[in-house]
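Accompanying notes for the structure given below.
The values are calculated or read from the model by the stated rules, or taken from the named source; none is laboratory data. Predicted model, so just to flag it, every value in this text is computed and none were measured. Quick reminder, even Gly has a Cβ in these numbers, built from the backbone with ideal geometry, and neighbours come from all protein chains shown.
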Amino acid sequence: MKLTVIGCSGSGPGPKSAASCYLVEHDGFRLLLDLGNGSFGTLQAIADPDTVDAVFLSHLHADHCLDVAPFVVWHRYSGRSSGRQIPLYAPDGAAERLALAYDGADADLTDVFDFTAVTPGDLTIGPFEAETVRTAHPVECHAVRLTAGNRSLVYTGDTGPSQRVVDLARGADVMLAEAAHPPGPDLPGGLHLTGREAGEHAAAAGVGRLLLTHVPAWVDEIGQLFAASAVFSETELVRSGATYEI
Ligand SMILES: [Zn+2]
Ligand SMILES: [Zn+2]
């Protein structure tokens, strides 16, 4: 399994990266996890959009889904699309939410996407066995564990501290975890992880490696890395364009 970071800026695009988007490949199959703002531009530098076989949206916050709109424009008007319908997995209501982002309530995106509503549980996406759980976030958000070729990657999506996410990640080779909250008192619950909490989740789950992501542009990313590394040493901060063999 190969992971390529397309966008990793938390809560919106930043000066060094687009918002959340990750390309996961196995056996020639290409799955995108999230399509946050700005990510479709970076994607084109890394992969031909027509080679994307499926899209999984963790949730429908703008920084995880808004570049579905340029993805649709490209497929309709570039003259480079093969015209096949792309499976899109997302929380219930995605077709309506993404139609509004694209144009208006009457917009129909089903010429480009075949929508499937995700619920907690198991599903198969190409060569990947996928398991999802609901995270601790103000809107419906799913963390996902992808397994293929005996290797496993867990992507937390957006989440506050969550035992369900720890259980999902148990023994995974790689945990790609958000760390959006800087340390501090009076942090709102059920929203995001601090760097330390991301490290604690990785340690509790016994994963092989922790990849920190979704640090907002206004948060000290090295501080997040140090805080996570203090409790889980096999930690690194991801960058746009970085690749990982899992
Ligand atoms: Zn987010
Ligand atoms: Zn969110």
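Just to be sure, is Thr135 buried (at least 19 other Cβ atoms within 10 Å of the Cβ), more than 13 Å from ligand 2 (Cβ to nearest atom) and hydroxyl-bearing (Ser, Thr, Tyr)?
no
Which strands (runs of 3 or more DSSP E) sit wholly inside the stretch 39-133 and have at least 3 residues that are under 21 Å from Gly7 (Cα atoms)? Can you show your working first?
Numbers: elements: 54-56, 86-90, 113-117, 121-125.
Passing ranges, in order: 54-56, 86-90.
Select from the stretch 18-44 the residues that are buried (at least 20 other Cβ atoms within 10 Å of the Cβ) and among the aromatic types (Phe, Trp, Tyr) and write down the one among them that is farthest from Thr243 (Cα to Cα).
Only one residue tops the list, namely Phe40.
Scan Thr116, Thr124 and give me the residue that is away from ligand 2 (no atom under 15 Å from the Cβ), within 18 Å of the chain's Cα centre (by Cα), surrounded by fewer than 14 Cβ atoms within 10 Å (Cβ to Cβ) and not aliphatic (A, V, I, L, M).
Going through Thr116, Thr124 in turn, the sole match is Thr124.
Might you let me know whether the stretch 148-165 holds any residue that is of a type in the set (Lys, Arg), over 24 Å from Ser240 (Cα atoms) and in contact with a His (Cβ under 9 Å, 6 or more places away or on another chain)?
no
Name the residue, out of Gly149, Gly189, Gly160, Gly184, that is at pLDDT below 95, within 16 Å of ligand 2 (Cβ to nearest atom) and either loosely packed, with under 15 Cβ neighbours inside 10 Å or closer than 30 Å to Phe40 by Cβ (or both).
Values: Gly149 fails: within 16 Å of ligand 2 (Cβ to nearest atom); Gly160 fails: at pLDDT below 95; Gly184 fails: within 16 Å of ligand 2 (Cβ to nearest atom).
Result: Gly189 is the single residue among Gly149, Gly189, Gly160, Gly184 that is at pLDDT below 95, within 16 Å of ligand 2 (Cβ to nearest atom) and either loosely packed, with under 15 Cβ neighbours inside 10 Å or closer than 30 Å to Phe40 by Cβ (or both).
Among the strands (runs of 3 or more DSSP E) contained in the stretch 148-246, which hold 2 or more residues that are in contact with a helix residue (DSSP H, G or I) (Cβ under 6 Å, 6 or more places away or on another chain) and touching a residue at least 12 places away in the same chain (Cβ under 8 Å)?
Numbers: elements: 151-155, 174-178, 209-213, 235-237, 243-245.
Output list reads 174-178, 209-213, 235-237.
Note down all Cβ pairs under 9 Å where the first residue falls in the stretch 5-33 and is on the phi < 0 side of the Ramachandran plot and assigned to a strand (DSSP E or B), the second is within 14 Å of ligand 2 (Cβ to nearest atom) and among the aromatic types (Phe, Trp, Tyr), and they're at least six residues apart or on different chains.
So the pair list comes out as Tyr22/Tyr155; Val24/Tyr155; Leu33/Tyr155.
Search the stretch 85-105 for residues that are among the aromatic types (Phe, Trp, Tyr) and pair each with any residue that is in a loop (DSSP other than H, G, I, E, B) when their beta-carbon atoms are under 9 Å apart and the residues are at least 6 apart or on different chains.
These pairs meet every condition: Tyr89/Leu57; Tyr89/Val118; Tyr102/Leu109.
Do we find a residue being modelled with pLDDT of 95 or more, within 12 Å of ligand 1 (Cβ to nearest atom) and within 16 Å of Ile125 (Cα to Cα) anywhere in the stretch 37-57?
Yes, that holds for at least one residue.
Going by the conditions given, is Leu66 within 16 Å of ligand 2 (Cβ to nearest atom) and within 14 Å of the chain's Cα centre (by Cα)? Spell out how you get there, then give the answer.
Numbers: within 16 Å of ligand 2 (Cβ to nearest atom): yes; within 14 Å of the chain's Cα centre (by Cα): yes.
So Leu66 fits the description; yes.
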